[in-house]
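**Q** Okay, handing you the structure first.
Nothing in this text is a laboratory measurement; each read-out follows from the coordinates by a stated rule. Quick caveat, the model's predicted, so the values are computed rather than measured. Note: ideal-geometry Cβ built from the backbone for every residue, glycine included; neighbour counts use all protein chains shown.
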Amino acid sequence: MSLKHKVCVTTGGTSGIGLATVRLFAVEGARQVVLAKDKPECDALVQEAGTRGWQVAVVVGDVTDPGAWDRVLEEADLLGGVDVLVNNAGYGIQGTVLETGPADWEALFATNVTGAFLGCRAIVPRMIAQGSGAVVNVASVAGQIGMPRRAAYCASKAAVLGLTRAMAVDHASEGVRVNAVAPGTTDSPYFSKIAADVADPVEYRRYLEGRQLLNRLADASEIAAAVGFLASDASSFATGSVVTVDGGMSVA
Ligand SMILES: NC(=O)c1ccc[n+]([C@@H]2O[C@H](COP(=O)([O-])OP(=O)(O)OC[C@H]3O[C@@H](n4cnc5c(N)ncnc54)[C@H](O)[C@@H]3O)[C@@H](O)[C@H]2O)c1
């Protein structure tokens, strides 16, 4: 899955699945732009990239802010264009519809759905102009099945899958492939934040592990591997596809 000579943009590339993706892309030879909102995490990535000799420009900003995408484009243009966009930034909240306030619903959709939409609006024209490109949306198995007390999250990730399919149809003839990865529960700082909020984190982790046929959480690198496949020419005949990497959760 070589990404040599490719310029890749990844959102939320400073933590969890995004960081594992950025590390994989760097090893595969990509030059990169990362957009993420947490300044200390961004500083840590700049330092890691410097130490390892990776070419990674980091933009501190929010995927819901069109101005942040302008800065991403400026950095990408310095690298000579954009070949890959990974819309990874996102988060989940717990709750049924009745337990979810409208403001929390809207904030979640702004990041998980509108953020990806704005990213595509910014980057895909560059891909169309060069006649090639790959968009990879990080959705979730929660977008494919119902899960208890995850109403807003399930709906937002189903929207990401809908966006993926619609864009695959619209942009195939322009050389742009659009695919998604649907991870199962993955060990990441995001997961740790959720676990910290429950009464018995150890029992909760056991429950989440038990939902997946492989009886464990995914390592972020196992999700990044699927992102890398869809980002690279190894998946040159895939568009509108969803690669589910959920330890078998959705087939049980
Ligand atoms: N961890 C899981 O179990 C799991 C499962 C399925 C899908 N996912 C999805 O994978 C993606 C990454 O999740 P993770 O577990 O690695 O999370 P994480 O919390 O470890 O990392 C999220 C990253 O996104 C960034 N981010 C969040 N909101 C942002 C915003 N509005 N603008 C810019 N950056 C923003 C954060 O700064 C961070 O770098 C998310 O879309 C999540 O929904 C995660």
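**Q** Any idea which residue in segment 161-210 is surrounded by the fewest Cβ atoms within 10 Å (Cβ to Cβ), counting only those that are assigned to a helix (DSSP H, G or I), within 11 Å of the ligand (Cβ to nearest atom) and not small (G, A, S)?
**A** So in segment 161-210, the residues assigned to a helix (DSSP H, G or I) come out as 161-174, 189-196, 201-210.
Retained after the next criterion (residues that are within 11 Å of the ligand (Cβ to nearest atom)): 189-195, 208.
Among the residues that remain, those that are also not small (G, A, S) are: 189-191, 193-194, 208.
Numbers: P189: 13, Y190: 18, F191: 19, K193: 11, I194: 17, L208: 19.
Here the residue is K193.
**Q** Another one. Return yes when D62 is within 16 Å of the ligand (Cβ to nearest atom) and without any contact (Cβ under 8 Å) to a residue 24 or more places away in the chain and no when it is not.
**A** Spelling it out, it is not the case that D62 is within 16 Å of the ligand (Cβ to nearest atom) and without any contact (Cβ under 8 Å) to a residue 24 or more places away in the chain.
**Q** Enumerate the pairs (first residue in segment 149-170 and within 16 Å of A103 (Cα to Cα) and in contact (Cβ under 8 Å) with a residue 40 or more places away in the chain; second residue anywhere and among the hydroxyl-bearing types (S, T, Y) and away from the ligand (no atom under 12 Å from the Cβ)) with beta-carbon separation below 9 Å, excluding pairs fewer than 6 apart on the same chain, so at least 6 apart or on different chains.
**A** If the second residue must be among the hydroxyl-bearing types (S, T, Y) and away from the ligand (no atom under 12 Å from the Cβ), the pairs left are R150/T96; A151/T96; A151/T100; A152/T100.
**Q** Sticking with this one: If I filter segment 224-236 for residues that are within 11 Å of the ligand (Cβ to nearest atom) and surrounded by 19 or more Cβ atoms within 10 Å (Cβ to Cβ), do I get at least one hit?
**A** Yes, the conditions are met somewhere in segment 224-236.
**Q** Could you list, in sequence order, all residues of segment 215-252 that are under 20 Å from G143 (Cβ atoms) and either in a loop (DSSP other than H, G, I, E, B) or acidic (D, E) (or both)?
**A** L217, E222, A238, T239, G240, S241, D246, G247, G248, A252 - these are the residues of segment 215-252 that are under 20 Å from G143 (Cβ atoms) and either in a loop (DSSP other than H, G, I, E, B) or acidic (D, E) (or both).
**Q** Scan segment 29-56 residue by residue and report those that are assigned to a strand (DSSP E or B) and either of a type in the set (V, I, T) or surrounded by fewer than 16 Cβ atoms within 10 Å (Cβ to Cβ) (or both).
**A** Scanning segment 29-56 gives V33, V34, V56.
**Q** Taking segment 76-94, which residues are away from the ligand (no atom under 15 Å from the Cβ) and in contact with a strand residue (DSSP E or B) (Cβ under 8 Å, 6 or more places away or on another chain)?
**A** Listed by number, the residues that qualify are A76, L78, L79, G80, G81, V82, D83, V84.
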